1. Which order do the peptides 46-52, 237-243, 98-104 take when ranked by the mean count of other beta-carbon atoms within 10 Å per residue, highest first?
2. For the pair R90/A251, report the inter-label distance in nm, with labels modelled 7 Å from Cα in the Cβ direction.
3. How much length is gained on full extension from H54 to R259, taking 0.36 nm per residue of separation minus their Cα-Cα distance?
4. Which of the aspartates and glutamates could be linked to K212 by a straight reach, that is with a Cα gap under 16 Å, when you skip same-chain ones fewer than 8 residues away?
5. Take the Cβ-Cβ distance between V213 and M39 as r, set R0 to 41 Å, and report the resulting FRET efficiency rounded to the nearest 0.05.
6. Number of Lys pairs in the stretch 1-147 with C-alpha atoms less than 18 angstrom apart, excluding same-chain neighbours closer than eight positions?
7. At a Förster radius of 25 Å, what calculated FRET efficiency corresponds to the Cβ-Cβ distance of K8 and A115, to the nearest 0.05?
8. Using a 7 Å offset from the Cα along the Cα-to-Cβ direction at both L122 and W82, what is the distance between the two label points in nm, to one decimal?
Amino acid sequence: MGGIGINKVARNPVKVKLHSGQPAVGTWLSLCSPVAAEMMASVGWDWLVVDVEHSPVGFETMVNCFRAIQLGGAAPMARVPWNDTVWIQRTLDAGAFGLVVPMVNSAEDARAAVANMKYATLGQRSYGGSRVAPYVEGDYLKWAQENIAVIVMIETMEAVERAEEILSVEGVDGCFIGPSDLALSMGVGLGDIGPGTPHEEAIQRVLQAGKKVGVAVGKHCYDAEEVNTRIAQGFQFLALASDARFMMKEAQAQFKALRLEGGAAPSGAEGKGRIY
Ligand code: 3PY
Ligand code: MG
């Protein structure tokens, strides 16, 4: 045998960090590109989430993104489209080390997410092995029960109000605040966020609930400055933008710097309809 390959993973480093009070920082993959995923993984992120909820990624492309992420050295994760037994089971079998589950609005929703992600007797995940079984230490079933990270999304006011009970559910490893959906549920504009706003107050309420019950809180952030601020506040599972945003920001900046005949202006929607 050639000896070239991937080291076996003893413990999911993301879960270890979340349970020991450390930040785990990653980014979102919305470009549906395994090549972009592989390049991103080599940057040094703890994890990368393939966004299956809001990107047009196909299932097999998602699997190829997982492979590329593993090769680059980050933990492969996904955001599933919904808290759905079938989606969750198939995405875990495809090799995710953890899932971000949208719109978890109650303890009941959180219990369903945990049950979807764990084998009996802790849950109802059906056993079919996993693509990543050869890459983990020991038996995959035991590894999965202990190592797959369950991250529930808090992105409505209903969920903010119930944050403590949601985060107290056994098996929840952390939560992730979706600032845009939270703004929509509050009836405020996507721009009406930030220090001093009711939106920020809601975010801080979730952080306090997490601190009270000892469960990691995270959030999607637009830039490194915000990630640094959030880490100082005690947030842990932090996403910094996305591959799509990094690409568009740099492309727009470079395009703007061009000295074109006739002074052509960038046609991209800078500022408008901000994407992560
Ligand atoms: C939101 O802002 O609603 C999100 O889901 C971000 O990932
Ligand atoms: Mg959302």
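1. Output ranking for 46-52, 237-243, 98-104: 46-52, 98-104, 237-243.
2. Result: 2.9 nm between the two label points.
3. Values: separation 205, 0.36 × 205 = 73.80 nm, distance 3.54 nm.
Here the segment from H54 to R259 would lengthen by 70.3 nm.
4. Cα-Cα hits under 16 Å: E161, E164, E165, E170, D173.
5. Working: r = 37 Å, r/R0 = 0.91.
It comes out at approximately 0.65.
6. Working: K8/K142; K15/K118; K15/K142; K118/K142.
Taking the Cα cut-off of 18 Å, the pair count is 4.
7. After rounding, the FRET efficiency stands at 0.35.
8. If labels sit at L122 and W82, their model points lie 2.6 nm apart.
Laboratory data are not the source of any read-out in this text; all were calculated from the coordinates shown. As the structure is a computational prediction, the values presented were derived from the model and not from experiment. Neighbour counts are summed over all protein chains in view; Cβ atoms, including those assigned to glycine, are modelled from backbone coordinates with ideal geometry.
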